[in-house]
Amino acid sequence: MAWDEWEQLKADAAKNRSTHMQLNHVVPDGGGGGGEGSRGDLTVHQKDLAAIGSAAHELFVDFGHYGDHARISSMKAAGGLSSEGFALGAALDHVAEHWVDQVQTLLDACAHISNHLRYTKNQHAADESYIAGTLSSISQLDKGFDERTDS
């Protein structure tokens, strides 16, 4: 793609933009753009988080096992091809080495997802506790004001 073509595509995209940000305003139909019946709030339930965490953990365990199996088989095949004088053996060995890096990257991502979900769950619980304590304090203040007006 030539530079001029890229610049033309960017200009066309900017010209065709139909959405703009608007603050402190709700769309007159009561929607926030989230579709019919949507409140516009982001909600997530513990069941959803648990399912994602479970899937990430399962992928971590299974892919770690099967990824290692693929690496061992590939390296064995590479050794056999190299010992028979085939140049393909060295190429397959190179692919197997890079496979190890890719498997580790995916495993790290799965672990990161699982750890982040655990952190999110704990942080949400701490936030809920803080909010409950704050609201409790406000109700205590309200009682104090009510008692002063009764006298």
For this session: Kindly check whether there is at least one residue in the stretch 103-112 that is touching a helix residue (DSSP H, G or I) at 6+ places or on another chain (Cβ under 7 Å), among the charged types (D, E, K, R) and modelled with pLDDT of 80 or more.
Result: no
For this session: Using the structure shown, decide if residue 39 is loosely packed, with under 10 Cβ neighbours inside 10 Å and either at pLDDT below 75 or out of contact with any Cys (no Cβ under 6 Å at 6 or more places or on another chain) (or both).
Result: no
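So is residue 59 touching a helix residue (DSSP H, G or I) at 6+ places or on another chain (Cβ under 8 Å), at pLDDT 55 or above and not β-branched (Val, Ile, Thr) or not?
Yes: the conditions hold for residue 59.
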Problem set entry | Flag if residue 93 is at pLDDT 85 or above, in a helix (DSSP H, G or I), acidic (Asp, Glu) and under 29 Å from residue 114 (Cβ atoms) | no
Exercise. Can you tell me how many residues in the stretch 94-108 are open to solvent by 60 Å² or more (accessible area, probe 1.4 Å) and more than 13 Å from residue 63 (Cβ to Cβ)?
Worked result: 5
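The values are calculated or read from the model by the stated rules, or taken from the named source; none is laboratory data. Just so you know, these numbers come straight off a predicted model, no measurement behind them. Reconstructed Cβ throughout: ideal geometry from the backbone, glycine too, with neighbour counts over all protein chains shown. Heads up: the accessible areas ignore ligands, DNA and RNA and are worked out on the full protein's heavy atoms, side chains in. Shrake-Rupley method; radii C 1.70, N 1.55, O 1.52, S 1.80 Å.
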